[in-house]
Amino acid sequence: MTSLRLGILFSTSGDYGVLGRDCRDGAMIAIEELRGACSVSIEPVFRDPAGSSERYIQLARQILQEDGCRHVIGAVTSQARKDVIPVVEKHDALLWYVCPYEGFEANPNVIYTGACPNQHLLPLFEHMLPVYGRRVYLAGANYIWGWEMNRLAREIVTEAGGEIVGERCLPIGDTDVERIVSEVAARRPDFILSNMLGPSNHTFLRAMRDLGRRDPAFHPERCPVVSCDLTECELPEIGFDVADGQLAAASYFDSLDSAANRALKAQVAARFGSERRASSYFATSYATVRLCVEAVTRCGTDDPIKVRSALAGLETPGPLGPLRIDPATNHADLPFLLGRISGPDFVILQSRPAAVADPYLIRRRSVAQPHSAQPQLRVVS
Amino acid sequence: MKETLSFLGQRALILHRAGETTNRLVRQCVLLGLRAEARWRPLRAVEDVDIVLVDADEGWDGLLPWTPAEKPAPLVALLASEAPGRIAWALDQGADALIAKPVSASAVYPALVMATRRHAEARQLNERIARLEERVRLRPLVHAAVRTLMAANGCDENEAYGRLRREAMQTRLTLEQAAVSMLASPRRQAG
């Protein structure tokens with residue numbers, strides 16, 4: 001029997017621990033489900049770097065040198081991914097990165113199953129600009145995700161003849177959102193893109209709800225806050241109904257109606273209780289572990305180079321739909337879903353079938369002008 | 001804000017012995033939408049390339065058919081050595097950016113963007129210097145034209161200079177060109 005020692009390296013404590021816990025739990029469910037059900041014996045090695053760059057590097061080294069792993073499912077932020085990559089390269093290992101990110105990377109030692117901008121931000125803005133208008137406010141976390149997403153949003157909006165009416169970045173963990181809210185109130189954008197994380201975003205969403213109560217022009221139906229990283233896992237922390245009506249793009253929502261997702265949800269409910277929702281972090285991590293194990297099974301070895309080659313032509317079914325890695329970029333083809341927050345769930349407003357990742361945006365066209373036909377869009381509810 | 005650079009459809013030439021280095025470079029170039037060719041033969045002046053990556057560890061004079069001043073495309077040096085002679089060779093070829101060997105995937109896009117911008121800036125700068133040199137060279141003619149205008153109209157230097165400037169603006173010439181044309185046609189000196 002082939003054995004697979006699998007490093008699971010997510011920050012499950014610290015500022016954005018809730019995302020890491022969903023990633024870890026998704027991996028855990030997949031491992032439990034596959035245990036005994038496939039010809040590979042999986043031995044997971046769970047580590048928590050607690051959001052510290054230094055710990056990420058130390059633990060990645062430990063996983064690869066001492067724990068005997070050649071595959072790491074891990075890293076939540078881009079900073080963490082950049083910290084782990086040199087260690088992974090040095091050991092000729094593979095990092096499986098499951099979170100949405102800002103693109104502009106395609107490392108041979110990384111398999112990317114999280115969405116990049118042509119799979120989240122571009123289709124999101126193709127929808128938003130014609131429907132809500134082209135005056136946009138950008139709020140971000142003060143690190144690479146916030147900077148690059150805001151930069152790209154500015155390019156898209158400017159190309160479409162729109163206007164960025166304001167832009168502000170807050171340090172991760174900072175909840176001093178007053179200035180952003182007062183700028184929004186004064187400049188009255190058509191919608192707001194928030195690339196903030198965790199507590200900053202939660203405080204901001206609460207402040208936007210209060211602003212909407214004072215002035216109906218800021219109700220989510222008229223001036224929504226949209227993002228590419230807000231998922232079910234943060235809604236309990238934000239408080240149900242606080243963010244109702246706000247929008248998010250993702251490659252998966254818990255409310256997705258498919259046989260594979262019903263199966264996943266049954267497991268989630270059995271393991272964590274019926275209140276628990278699976279986020280795109282959870283489902284992507286789950287699907288990624290299954291894909292990794294499938295590739296190892298096919299190879300009969302966990303040799304990273306062979307496993308990577310085995311991914312070509314492999315398509316595993318799962319909650320995200322069939323998961324396929326483009327051998328040119330090592331990125332997954334991913335669907336686009338637009339969801340509207342409603343209590344603990346996202347109501348899916350639109351979906352697009354899986355799109356090939358274009359991490360360097362070499363095939364980018366200007367986004368559609370207002371009122372143009374968008375035949376690839378399918379309204380599902 | 002500078003636009004995100006796109007290399008789609010451009011041609012990259014990698015002058016380096018075939019191996020792991022060229023494999024990695026070609027992979028990243030193709031991901032960026034470039035058509036990439038790797039070879040270890042001199043570049044000919046007639047070849048049409050948009051960006052050149054050259055091995056500075058083993059490169060020799062004559063590998064590239066140009067001097068830095070007339071370099072027609074951005075140039076990226078590929079370097080493992082720390083030897084001053086090799087760094088000097090890269091600089092002498094007019095390298096706009098550097099990729100250290102062994103090549104890490106994440107080093108390629110930044111180097112191509114940096115080389116492209118640096119090359120474009122150097123070009124603009126050279127053109128600007130050429131324009132300014134031309135103006136400096138013609139400066140004595142401006143003085144001559146001002147003196148001629150003073151004599152023809154009995155005015156002071158400020159007024160003569162003002163007339164020359166107005167003439168230049170109306171005819172959309174530089175001050176120097178206007179001076180040349182004025183000195184060439186005495187009819188335009190008075191009035």
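Read-outs: derived from the displayed coordinates by stated rules, not from any lab. Keep in mind it's a predicted model, so treat the numbers as computed, not measured. Using ideal geometry, Cβ is built from the backbone for each residue, glycine included, and neighbour counts are taken over all protein chains shown.
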When a/c is below 1.5 the answer is rounded, else prolate if a/b is larger than b/c, else oblate, so apply that to the protein assembly as shown with a ≥ b ≥ c taken from the square roots of the Cα gyration tensor eigenvalues.
oblate
Expressed as a whole number, the average count of other chain Cβ atoms within 10 Å around the Cβ atoms of A:151-160 is 1
Using a 10 Å cut-off around each Cβ of peptide B:27-34, what is the average number of partner chain Cβ atoms that fall inside?
4
Mind ordering A:315-325, A:238-248 by average Cβ neighbours within 10 Å, highest first?
A:315-325, A:238-248
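Once the convex hull of the C-alpha atoms of segment B:39-156 is built, how many Å³ does it hold per residue, rounded to a whole number?
Value for segment B:39-156: 160 Å³ per residue.
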Overall form of segment A:179-288 per C-alpha gyration tensor (a/c, 1.5; a/b vs b/c):
prolate
Students often get this wrong: which residues of segment A:131-170 have the backbone nitrogen under 20 Å from the point 7 angstrom along Cα-to-C-beta of residue A:182?
A:137-140, A:165-170
What dipole magnitude, in Debye to the nearest 20, does chain A give about its Cα centre under +1 on Lys/Arg Cβ and -1 on Asp/Glu Cβ?
480
If packing is taken as the average count of other Cβ atoms within 10 Å, what order do B:177-184, B:137-144, B:74-81 fall into, highest mean first?
B:74-81, B:177-184, B:137-144
Report, to the nearest 10°, how far helix B:108-153 tilts away from the longest principal axis of the Cα atoms in chain B, using its own Cα long axis and a range of 0 to 90°.
10
Report relative contact order for chain A in percent, whole number only (criteria: Cα-Cα under 8 Å, sequence separation at least 6).
19
Per 0.36 nm of contour for each residue apart, how much would the distance between residue A:79 and residue A:222 grow if the chain were fully extended, relative to their Cα-Cα spacing?
48.0 nm
Charge dipole magnitude, Cβ of K and R +1, D and E -1 - segment B:11-103, Cα centre, debye nearest 20:
340
Restricted to the protein assembly as shown, the DSSP antiparallel beta bridge percent, nearest 5, is 25
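Could you tell me the relative contact order of segment B:130-188? Use alpha-carbon pairs under 8 Å, at least six residues apart, and round to a whole percent.
Details: 40 pairs, mean separation 21.7, N = 59.
The value is 37 percent.
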Pull out the extension gain between residue A:303 and residue A:142, defined as 0.36 nm times the separation in residues minus the alpha carbon to alpha carbon distance; nm, one decimal.
54.2 nm
Rounded, prolate or oblate: which one fits segment B:11-103, using the alpha carbon gyration tensor with axes a ≥ b ≥ c (rounded when a/c is under 1.5, else prolate when a/b beats b/c, else oblate)?
oblate
If I stretch the segment between residue A:345 and residue A:163 completely, what's the gain in nm (0.36 nm per residue apart, minus their alpha carbon distance), one decimal?
62.4 nm
As a test of the formula, what do you get for the protein assembly as shown when each DSSP H run with n ≥ 4 contributes -39,500 (n - 2.57) and the sum is divided by the residue count, at 222 nm and rounded to the nearest 500 deg cm²/dmol?
-13500 deg cm²/dmol
Would you compute the Debye intensity of segment A:1-103 from its alpha-carbon atoms alone, equal scatterers and no solvent, and pass along log10 I(q)/I(0) at q = 0.20 Å⁻¹ to two decimals?
-0.97
Checking segment B:2-31 for trypsin sites (Lys or Arg not before Pro) in a loop per DSSP with at most 16 other beta-carbon atoms within 10 Å yields B:2, B:17
Under-5 Å amide H pairs with residue A:169, H placed in peptide plane, nonlocal only:
A:140
Compute the FRET efficiency between residue B:155 and residue B:88 as 1/(1 + (r/R0)^6), taking r as their Cβ-Cβ distance and R0 = 56 Å, and round to the nearest 0.05.
0.45
Measuring from label point to label point, each 7 Å out along Cα→Cβ, what is the residue B:67 to residue B:185 span in nm?
3.9
